[in-house]
Amino acid sequence: MRTRLGALVGLAASTALLAGGLWLGLSGAPGLQPAALAAPPAASKPDTIRPLHRIHVQNDVECETCHGAAATSAAGTDNLLPTMDTCGACHDVADDTKCGTCHTNVAEPVAAARRVSAVQKFSHQTHLADGMQCTGCHRAGAAGEPSIPEMARCRSCHETASALKDCEVCHAASEPLRPVSHAPDWKSLHGVDARLDGVSCESCHTQKDCQDCHSGDNVRPRSHRLNFAFDHALEARGNELSCRTCHEDAQFCSSCHTAENVLPRNHSSADWVLGASVGGGRHAEEARFDLESCVSCHAGGESAPVCADCHGK
């Protein structure tokens, strides 16, 4: 037992000596110093321009002092960032010890990266000529830096036009304007997002755009069952605003009711139309009380065919 234990101890010691000798040999070999096996130093980060708008605003520096070219810019592709000469009008750009004021990597300085514009035909000149202020579109964020206006901000002044007719005012035909959310199956699934966030849809689409596609028998709402033509009056009386989401014009209703000879229930009463000598009947009372309801079908007033028989005499 002692003999076997001694053999194991000797083997462990020999292994340790061998490993130590191997390390000493490697460390003494040229080109294999321990320092050479360490991780290389981290590469320096690329240079960027520090956000300095807040400091300039606090010192009452006007936007046009640095971005003077905006006043004559008629294209979104124009580079309106200040140049070194622009900065040199106020700062000593020849002093190499102050490069760190703007540059994060003074050893490898580069020009400020410019965002690629998504509105190639946008005109700063037009907006400034109309008296708009820079901060009206480029509002400061949490860090005090002005932001690029999103579509919703443009819509606060510019009304959405049907069939995307107003897009070409600022956007070139070659610009990819399709949102990322509009995947190949968007046409089939967009109803879910439209119900959850209709405001986002309205940035590009009007209600008419929906109606043009959903009109007729193309795509009916889930509420429009197969027998909807017979019982829709119940829902129309209970939720008229919901109907007007698609059917804004009252003529949509009257044109169908007239063609199908569908009359309102009160029109069937025996006293609905009486002679003028007895006051005209119940319809005259209803007209005096709610004339708007009458003209929703009889838009021509006294000149409408159904009215002219009596009122036109």
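The values are calculated or read from the model by the stated rules, or taken from the named source; none is laboratory data. All figures in this text were calculated on a predicted structure; none of them were measured in a lab. Because the Cβ atoms are built from the backbone with ideal geometry, glycine has one as well, and the counts that use them run over all protein chains shown. Areas reflect the complete protein model, heavy atoms only, side chains present, ligands, DNA and RNA absent. Shrake-Rupley method; radii C 1.70, N 1.55, O 1.52, S 1.80 Å.
Checking the cross-link filter: which lysines have an alpha carbon closer than 22 Å to that of Lys98, excluding same-chain neighbours under 8 positions apart?
Result set, ordered by chain and number: Lys45.
List every residue whose amide H lies under 5 Å from the amide H of Ile49, counting only residues 5 or more places away in sequence or on a different chain, with H placed 1.01 Å from N in the peptide plane.
Ala113
Can you grab the distance from the C-alpha centre of region 178-204 to the C-alpha centre of region 60-91, Å, no decimals?
38 Å
Accessible area of Glu202, 1.4 Å probe, to the nearest 10 Å²?
The value for Glu202 is about 110 Å².
Would region 217-289 count as rounded, prolate or oblate if I go by the C-alpha gyration tensor, calling it rounded below 1.5 in a/c and otherwise prolate when a/b exceeds b/c, oblate otherwise?
Cα axes put region 217-289 in the prolate bin.
How high is the FRET efficiency between Arg50 and Asp185 when r is their beta carbon distance and R₀ equals 41 Å, given to the nearest 0.05?
0.40
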